[in-house]
1. Pick out, from A:Gln416, A:Ala454, A:Val347, the residue whose Cα sits farthest towards the positive end of the charge dipole of the stretch A:322-469, with +1 on the Cβ of Lys and Arg and -1 on the Cβ of Asp and Glu.
2. Plugging the Kirkwood radius over Cα pairs into Stokes-Einstein for the stretch A:1-70, at a temperature of 4 °C and a viscosity of 1.567 mPa s, what D comes out in µm²/s?
3. How would you classify the stretch A:83-178 from its alpha-carbon gyration tensor, with a ≥ b ≥ c the square roots of the eigenvalues: rounded for a/c under 1.5, else prolate if a/b is greater than b/c, otherwise oblate?
4. Using Cα-Cα distances under 8 Å and only pairs 6 or more residues apart, what relative contact order does the stretch A:402-466 have, in percent?
5. Measure nothing fancy, just the Cα-based angle from helix A:300-315's long axis to the longest principal axis of chain A, in degrees from 0 to 90, nearest 10.
6. Using a 1.4 Å probe on the protein chains only, how many percent of the accessible area of the stretch A:38-170 belongs to carbon and sulfur?
7. Is the stretch A:1-153 best put as rounded, prolate or oblate by its Cα gyration tensor, with a ≥ b ≥ c the root eigenvalues, rounded for a/c under 1.5, and otherwise prolate when a/b is larger than b/c, oblate when not?
8. Within 10 Å, Cβ to Cβ, of A:Gln387, how many net charges do the neighbouring residues add up to if Lys/Arg are +1 and Asp/Glu are -1?
Amino acid sequence: MAGQNVLTPQSEDFPKWYQDVVAKAEMADNGPVRGTMVIRPYGYSIWERMQAEIDARIKRAGAQNAYFPLFIPQSYLSREAEHVEGFSPELAVVTHAGGEELAEPVVVRPTSETVIGEFMAKWIQSYRDLPLLLNQWANVVRWELRPRLFLRSSEFLWQEGHTAHATAADASAYAMKIHVEVYNDFLERVLAVPTYLGIKPPSERFAGATNTMTCEGMMRDGKALQMATSHELGQNFATAFEIYYQNEEGQAALCFTTSWGSSTRLVGGLIMAHGDDDGLVLPPHVAPIQAVVLAVRDDDEVNAACQSLSDALEAADVRVTRDHGRGSFGRRVTDWEIKGVPLRIEVGPRDLAQGLVTVVRRDTREKLTVAITDVAATVAALLETVQSDMFAAARRFRDENTHDVATLDEAVEAVQNGFARLAWDRVGAEGEARLKSEAVTVRCLQRRDGSIPADESEPDLVAIVAKSY
RNA sequence: CGGGAAGUAGCGCAGCUUGGUUAGCGCGCCUGGUUUGGGACCAGGAGGCCGCGGGUUCGAAUCCCGCCUUCCCGACCA
């Protein structure tokens, strides 16, 4: 068996590799209904770590968690013309319940702007109630025609933030704050995924938004994945749901709202941003298990050493597990590699006789010999090194595969292997159609310095274009 | 939703063309033993509505029709 591929190599068939990893790392299974997903414990523990990190940042930004219903009156969706048009094709609608046909069908939420808008209108009376900053963790349903585990499932888990503000400037600033301080900070510091931040061109905007911001990540096959998104909704939903407040002069004024979301799609992005031919590669900050203490053989002396090592690591706040299992050493090594555990600590009689253990990095495969008394301190520090090295490696990969081009033809050529960057005024509406015919889209628009523009009419913007998930 | 491919044990597959008795193989799983520094070995064993429904037939995994599911490409998509 030695030397045989456990997974389909990325270079041979990337989508097959992805499915192999999801299955063999025990992340998820397909559900019985097309497009549905069963998230297995290992996959869910990664999602839980993501939730904890994102939730803490959302709260730091001042928003509070709440919960709104799964079922939404169909009429709510219709109140905002673009919104209903955008979502109609992917709605799941309940027409029968309690053994009878319903007088008004209810939709299973595809997103919650409408219900939340209804209650914002009820709760907001005065300028003193603003800004109203809400978030919810929930499941949503969008009937997908071409589902893929984590990346696009008909039901998925996410967080959706919804805020109301007195002024356009305040709403805009808050959406930007979330985008940078919650999403991008999380992506870079926890998932170690570098992003291109920017705004979507009008053609790619959220249904009902006046502006959509995105965090675009590059996967190992050079394709783009939108990893989080934030919207300025202007007064579109405030108008539709009559979200008014009384200003300091006692006059009624219409709110400005925002919404922003990130989903279990992030798990798919994590897999594809860092994974290699041996499986997952998890950054330590998001890894449910940061280090595994692996007994080379199952005997009392080795096991005792493993136990005291894992106790010491736990005391140093390392998320550690012990593998003194049966079965061959090689088999167990491979299994932990597939699961992407950042550090493997191998404990065997030869090393032990000299008071040493072998520490192996998953990201670089580098092997280090460490005195057993130094392991706790070494591992804690090494996890931080792995984290920052993974981010640096991902950024290098992204930069090497982002090509500056001057024409649409060159862009189409360049995106066969990564992203292309070109002047936005070289694209335009006709350019987008031309790109679309090649299965290429404008992922985002940026200023020359990489910062996020206010809108697409700013002069001298650049377009990041790519094939995408 | 359109085009293509495929559904046989947990996973990967053979068998189907040319219908015929107990449907096979590899991996995995269980038991016992030997092992364990990169997917170990020996022996024994469990596990199958052959995707679902209907039809043809004395007889269907095999032929015909419908449906469901999965994968690839496209369209669609915060």
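1. A:Val347
2. Translational diffusion coefficient: 85 µm²/s.
3. In terms of gyration-tensor shape, oblate.
4. Once divided by the residue count of the stretch A:402-466, the mean separation gives 36 percent.
5. Helix A:300-315 sits at roughly 30 degrees to that axis.
6. C and S atoms contribute 54 percent here.
7. oblate
8. That works out to -2.
The values are calculated or read from the model by the stated rules, or taken from the named source; none is laboratory data. Computed from a predicted structure; not experimentally measured. Positions of Cβ are generated from backbone atoms using ideal geometry, with glycine treated the same way; all protein chains shown enter the neighbour counts. Note: accessible area is taken over every heavy atom of the protein model, side chains too, but ligands, DNA and RNA are not part of it. Shrake-Rupley method; radii C 1.70, N 1.55, O 1.52, S 1.80 Å.
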